[in-house]
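Read the structure below first, then the notes.
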Amino acid sequence: MAMRLNHILCPVDFSELSAVALRYAAELAKRLGAKLTVVYANTVPEPPYFTEGKLDDLARQFREAMHEAESALRRFVEKETELPAEVRVMEGRPVDVILKAAEQAGADLIVMGTHGRGGINRLVVGSVTDRVLRQSPIPVLAVRGAAA
């Protein structure tokens with residue numbers, strides 16, 4: 001039974017590796033007639049000096065950071081592909097954001113970059129791609145930079 005891909009999600013972090021994955025995702029979407037959604041996880045850590053009096057200022061800074069991230073994401077997508085894509089900037093840890101975005105979008109496939117680290121490097125550095133591969137209920141295509 002053939003699987004139909006209607007919606008592809010591509011998480012990016014503005015690196016060259018994620019640009020390669022975005023180009024793969026865009027080409028797949030184009031050839032399959034699928035929708036493409038590009039997501040960026042904007043992690044905003046709470047400052048250690050946070051007090052209630054700083055709440056309004058922090059909320060303003062957060063809104064500005066999200067707006068700037070969305071503008072940067074739109075420019076990144078336009079630079080790497082000519083295919084129209086929905087862009088989403090979501091706050092949170094990358095693995096959580098990717099899985100949530102895939103579920104919300106109704107994605108059939110996640111296309112993302114991987115460094116392809118193995119052994120001790122993967123244990124020490126960890127891998128967002130590895131965690132998404134293990135936790136995702138939908139297929140994940142991991143694109144290595146060297147394969148570009």
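At a glance:
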| read-out | value |
| --- | --- |
| Any hit, the range 119-126, residues being open to solvent by less than 40 Å² (accessible area, probe 1.4 Å) and either under 17 Å from residue 24 (Cα atoms) or at pLDDT 75 or above (or both) | no |
| Residues of the range 1-22 classified as at pLDDT 95 or above and outside any helix (DSSP H, G or I), total | 7 |
| Count of the range 104-118 residues which are of a type in the set (D, E, K, R) and either in contact with a Pro (Cβ under 8 Å, 6 or more places away or on another chain) or buried (at least 18 other Cβ atoms within 10 Å of the Cβ) (or both) | 1 |
| Residues of the range 23-38 satisfying the condition of being assigned to a helix (DSSP H, G or I) and open to solvent by 40 Å² or more (accessible area, probe 1.4 Å) | 23, 24, 27, 28, 30, 31, 32 |
| Any hit, the range 66-79, residues being under 20 Å from residue 129 (Cα atoms), within 15 Å of the chain's Cα centre (by Cα), open to solvent by less than 40 Å² (accessible area, probe 1.4 Å) and modelled with pLDDT under 90 | no |
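The values are calculated or read from the model by the stated rules, or taken from the named source; none is laboratory data. Since the model is a prediction, treat every value here as computed from it, not as a measurement. So basically every Cβ, Gly included, is an ideal-geometry build from the backbone, and we count neighbours across all protein chains shown. Note: accessible area is taken over every heavy atom of the protein model, side chains too, but ligands, DNA and RNA are not part of it. Shrake-Rupley method; radii C 1.70, N 1.55, O 1.52, S 1.80 Å.
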